[in-house]
């Protein structure tokens, strides 16, 4: 990769966001109805390559069940309001009406309530009893404390999700989570992230993770770039991690680790470009928070927004534009890529002549800056 001289004492690699690239049509086209957008991770098969972000504005037990029935993979935040309060609905309603100037401080108070293990068990059972695949997420900091409760509750997949997760966390104050040993001892597939570089992703793959989340503070509700000065343009990050997947496939003798784009995937065009860059599936936050059934009531926030010491996100207004089913499958009444996301992916794959998601990862892309606005 060509490096650019930032100044005489610093060089940097050019990286690309979704807005910088475009998918190129090929010599062949297909009927959209003959295109498969399904995917599988471990023993679990899904009709659409959509995973719901574990965020309180996106997933409640009810919306998790609804998404599972529509063919996606719901992930519930197991350290969110649903595991802190018996009935968080009044608090969700309050968060939706908070003055922006007071929102962060009040959310810090609300999320100061302790996580209750019995509520983790209850929420997982509620989703499992509905007959859909159950996935729950914890941050790396909480995993040591609650993983046994989560696994005993009966999750099908376990997600360890943070702003960044490494296989080599260094701490002089506490024993860090040994991911390799932890994953080896679990009886369920583990998805870990975020990672944003080839090396970090390769190390996570070597821990035995079934999937790696790609992204670093790129979501609509994050201010990580502003607060910490850290950011990973998603098109390049996914392509780098996809290269790690390819090399690990050879290194491990055929073990395939799924690459999941997590952050900055706000429209159907972003979903298309994420898979074109090498993602097997996408984790959607703001895109699903726009559903009329979403618990955020047209607002969206992540755990970074109420961090006790250093908030790196905020509550943003995304609006309630359509039902969850319309957001995923249409019919679309908007021309901005916020509805009929799966239909748009199908059409993009058909237009470029590809029949399934893994094939579409090989589609030609070009660098085309500012095409969204130009």
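Need the C-alpha centroid separation for segment 336-362 versus segment 1-58, integer Å.
11 Å
Calculate for the chain the 222 nm mean residue ellipticity that helices alone would give, adding -39,500 (n - 2.57) per DSSP H run of length 4 or more and normalising by residue count, nearest 500 deg cm²/dmol. Walk me through the numbers on the way to the answer.
Details: 14 runs with 129 residues, N = 374.
Dividing the helical sum by the residues of the chain leaves -10000 deg cm²/dmol.
Tell me, in nm to one decimal, what length is gained between residue 325 and residue 47 on full extension, where the rule is 0.36 nm per residue of separation less the Cα-Cα distance?
That works out to 98.7 nm of additional length.
Can you tell me the FRET efficiency between residue 368 and residue 89 if r is taken as the Cβ-Cβ distance and R0 is 35 Å, rounded to the nearest 0.05?
Using R0 = 35 Å, I get an efficiency of 0.20.
Please report the relative contact order for the chain, taking Cα pairs under 8 Å with a sequence separation of at least 6, and give it as a percent rounded to a whole number. Each step should come with its number before you reach the end.
Details: 809 pairs, mean separation 86.7, N = 374.
So the answer I get is 23 percent.
State, to one decimal in nm, how far the label point of residue 116 lies from the label point of residue 186, with both points 7 Å from Cα in the Cβ direction.
2.5 nm
R0 = 45 Å: FRET efficiency of residue 336 with residue 151, Cβ-based, nearest 0.05? Walk me through the intermediate numbers first.
Details: r = 41 Å, r/R0 = 0.91.
Calculated value: 0.65.
Using a basic spin-label model with each label point 7 Å from the Cα along Cα→Cβ, how many nm lie between residue 38 and residue 26?
2.1 nm
Would you mind giving the average projected area, over all directions, of the Cα convex hull of segment 3-367 in nm² with one decimal?
Working: hull surface 76.6 nm².
Over all viewing directions, segment 3-367 projects a mean Cα-hull area of 19.2 nm².
Please check: in the Gaussian network model of the chain (C-alpha springs, under 10 Å), which one of 101, 153, 281 has the largest mean-square fluctuation.
It is 101.
Note down the nm distance, to one decimal, between modelled labels 7 Å out along Cα→Cβ at residue 129 and at residue 356.
3.7 nm
Just check segment 1-100 against the gyration tensor rule for me: Cα atoms, a ≥ b ≥ c as the square roots of the eigenvalues, rounded for a/c under 1.5, and otherwise prolate or oblate depending on whether a/b exceeds b/c.
oblate
Only the coordinates and a few stated rules stand behind these numbers; no lab work does. This one's a predicted model, so the numbers in the text were calculated from it and none came from an experiment. Reconstructed Cβ throughout: ideal geometry from the backbone, glycine too, with neighbour counts over all protein chains shown.
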